[in-house]
1. Do you know which residues across segment B:81-92 are touching a Ser or Thr at 6+ places or on another chain (Cβ under 8 Å) and either assigned to a helix (DSSP H, G or I) or within 14 Å of another protein chain (Cβ to nearest Cβ) (or both)?
2. Pick out the one residue from B:Thr95, B:Thr75 that is within 14 Å of chain A (Cβ to nearest Cβ) and either within 20 Å of B:Asp205 (Cα to Cα) or out of contact with any helix residue (DSSP H, G or I) (no Cβ under 9 Å at 6 or more places or on another chain) (or both).
3. Which of the numbered conditions does A:Leu314 fail, given that it passes all the others? Conditions: (1) more than 17 Å from A:Asn129 (Cα to Cα); (2) surrounded by fewer than 24 Cβ atoms within 10 Å (Cβ to Cβ).
4. The conditions are (1) open to solvent by less than 20 Å² (accessible area, probe 1.4 Å); (2) closer than 19 Å to B:Cys319 by Cβ, and A:Lys84 fails exactly one of them. Which is it?
5. Picking from B:Gly80, B:Gly112, which residue would you name as being small (Gly, Ala, Ser), over 18 Å from the mean Cα position of the chain (by Cα) and more than 20 Å from B:Ala158 (Cα to Cα)?
6. All but one of (1) of a type outside the set (D, E, K, R); (2) under 30 Å from A:Ile49 (Cα atoms); (3) away from every other protein chain (no Cβ under 14 Å); (4) in contact with a helix residue (DSSP H, G or I) (Cβ under 9 Å, 6 or more places away or on another chain) hold for B:Gln41; which doesn't?
7. Report, by residue number, each residue of segment B:281-314 that is among the hydrophobic types (A, V, I, L, M, F, W, C), surrounded by fewer than 20 Cβ atoms within 10 Å (Cβ to Cβ) and either more than 14 Å from chain A (Cβ to nearest Cβ) or touching a residue at least 24 places away in the same chain (Cβ under 8 Å) (or both).
8. Could you please give the count of residues in segment A:76-119 that are of a type in the set (Gly, Ala, Ser) and facing chain B (nearest Cβ under 10 Å)?
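The values are calculated or read from the model by the stated rules, or taken from the named source; none is laboratory data. None of these values were measured; they are calculated from a predicted model. Using ideal geometry, Cβ is built from the backbone for each residue, glycine included, and neighbour counts are taken over all protein chains shown. These accessible areas exclude ligands, DNA and RNA; they are computed on the full protein's heavy atoms, side chains included. Shrake-Rupley method; radii C 1.70, N 1.55, O 1.52, S 1.80 Å.
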Amino acid sequence: MTSKRTSTITPNRSNKPDYEKLAQQLNAIKTDIRARVGNEDAQYIKRVIVLQRVCEWTGRILLMLGFLQPVLWAVGVLSLATAKILDNMEIGHNVMHGQYDWMNDKHINSKAYEWDIACDGSSWNRVHNYEHHTYTNIIGKDRDFGYGLLRLSSDFRWRVKNLWQFITYLLLSVFFQWGVAYHEMAAERVFFGKKKDNRKNTVTHTQLKKRFFSKGARQLVKDYVLFPLLAGPLFLWVFAGNALANLLRNLWTSTIIFCGHFTGDVETFKEEDCKNETQGQWYYRQALGSSNITGGNVFHVLTGHLSFQIEHHLFPDIPARRYREMAPKVKAVFEEHGMHYNTGSFVKQYSSVLKRILRYSLP
Amino acid sequence: MKSLLSKISHSLFHHLTWKGYWEPLVQRFKPAWRDGLFRAQITSATYLNPNTLQILLSPEKKWPVHLAGQHVSLTIEINGRLTTRVFTIASGASTHALENELRLVIRIKEQGALTPHLPTLSPGQWVNISPPMGRFALREDKDMLMIAGGSGITPFIAMLEDYTSKHAAKHSSNGCKEHHSRQASMKPNIHLLYYAKQGEHLLIDELSNISSKLPNFAFRLLTKANDGDVERYLPEFYTYEWMVCGPQSLYGPISKNALANNISLESEHFTALLPTVFNSSEEEQTFLIQHDNKALHVNNQQSLLTQLQQASVPVNYGCGMGICHQCQCVKKQGIVRDMRTGELSDNAEELIQLCVSQAVTNLELQS
């Protein structure tokens, strides 16, 4: 990557916000909500977990009834996919962010939770919570920007492989859980020994490899061996159902996540810009590096409230359901400072993502 | 069976325990059903005096019966947050057998995290208790001196209750008064010195009742203001074995005295009660922390993470600003200050982030 920054994405804003005031205002929103977090939120996350269990078991049972009536199988696939989406997004992602650590619950906390996906929870936690959330959209520090596969801004030198990056993107979406798992293992350096000197290792490569293989293998065995075997003669029904449910989950999560960070207006930052940054500058970067999607209640739950990506990046450990009530206040603060509050319908945001992927596949 | 279920839940549902996977669902039908803890239902919560509450609990059948003198941890959900404190059981195993009931006698601490919420418990509500813990028990073969301070009366009440039901029951079935007293006189003596503030001695009726049934038991209600320090009463009991339950200020002189006179002493003293007024963070103080198996000193000026790193303790870390939760560890006990908000933590076990926490008391941490 080069440090050259030819700017396509609103680089030189003439009016930078008053960072100190911005920090104060956003902190006030946070303090106000934090004081209200309590029983309601605890009951909510438990309700979602119950819903997840119900969807999961309904799905698994219906998969086996496919031989009676294929429609039951199809409903089973949808139900299981919903369970996996709930587990990964509203429960897993948010619990592992520490949003519910205050509950003191033995199972619902960021240290204990493990999700139904190929990616090992604690490895994800490290890369996602630390690198991605701290260094959001800093080119060279936040490897989530393009996942090392896609060129999404002119901060990266164009390479021939970028020509077909739309296909790479489709493949990444289809195999998203493996993409994430491999990516979070910091694949390029763990498996091929490429070193980046700006990253400190607090976990050894051996440990990372072990986690990658043990969680990945566990996931494969569970989805494609154990559950199908439990179904006995209905092995193939269950095998195919699990595969399809995983695919649906992969497509959904990938799409939502891309809408959160790679829409056309999302900005990138240089490492130099962020040295010794103040809290206000940090907030500013988080704000402009994310985008929201508008939608209804069910939609927000299924995205794990990542449809409020801006609020999530500003307040990563506030229970996500609270982003709904924070959003109007955040938006008002942005407007006051003349900052762009990047939001729009799913269609608008997603087509903007696709455009961006296509745009940067060319030099 | 249990390990098989754990294996299944681990490989099929990514959960460490089978119960953990089902917990939120089962709680819909069985409130407070929790992995690793027992359920108990509140029977009543009544005030013994303006700041002492008596709680009667009926534990689920599976609960292993306690020995008089043992304690349990009580966990209740306060505004969505599980909060746990340890209390001595103030009733005997005999009561549990008869009425399936446990009694806790609890002093309400205004600033406490749990006790101020206890009066809101309503009959029928479910809470969690741990299995009985501790080995503070009455020896029946020696003359015993019990010394209680304040709510430290609780284990002794439990012991005396069981002792009475065991021995007094025999007598009444015997029906022979003369035999009764002869047998009693052969029994070792039990003497209780009970210190409390004026007018705050608890359960006096029960103590009188017990002493009327047990000729070998006597008790004295003492206050520091009127009766002076405990040391002046100790010499008459140099031939006894001693048991103490009370605050450090009571335990300290007694343990010195016991050591000097080579007397066997069992104790259940409230360990290093928290300072009631915390010094402001400007004043530098040093605390001892236990991190896994390593002990080190830290101050209250820098974050725990900085100081652990300076001491070359291997710790995971990330952003250093309280966002990424990489440096999170389990605080087993002690109080920390959140450097972002100045908020003080609870004293019980919970997760903390080292990079934004400062020590306010001694700490025990587990990575």
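1. Correct list: B:Leu82, B:Thr83, B:Thr84, B:Arg85.
2. Values: B:Thr95 fails: within 14 Å of chain A (Cβ to nearest Cβ).
Exactly one residue qualifies, and that residue is B:Thr75.
3. (1)
4. (2)
5. On the way: B:Gly112 fails: over 18 Å from the mean Cα position of the chain (by Cα).
Going through B:Gly80, B:Gly112 in turn, just one is small (Gly, Ala, Ser), over 18 Å from the mean Cα position of the chain (by Cα) and more than 20 Å from B:Ala158 (Cα to Cα): B:Gly80.
6. Exception for B:Gln41: condition (4).
7. Hits for segment B:281-314 are B:Phe287, B:Leu288, B:Ala295, B:Leu296, B:Ala311.
8. 4
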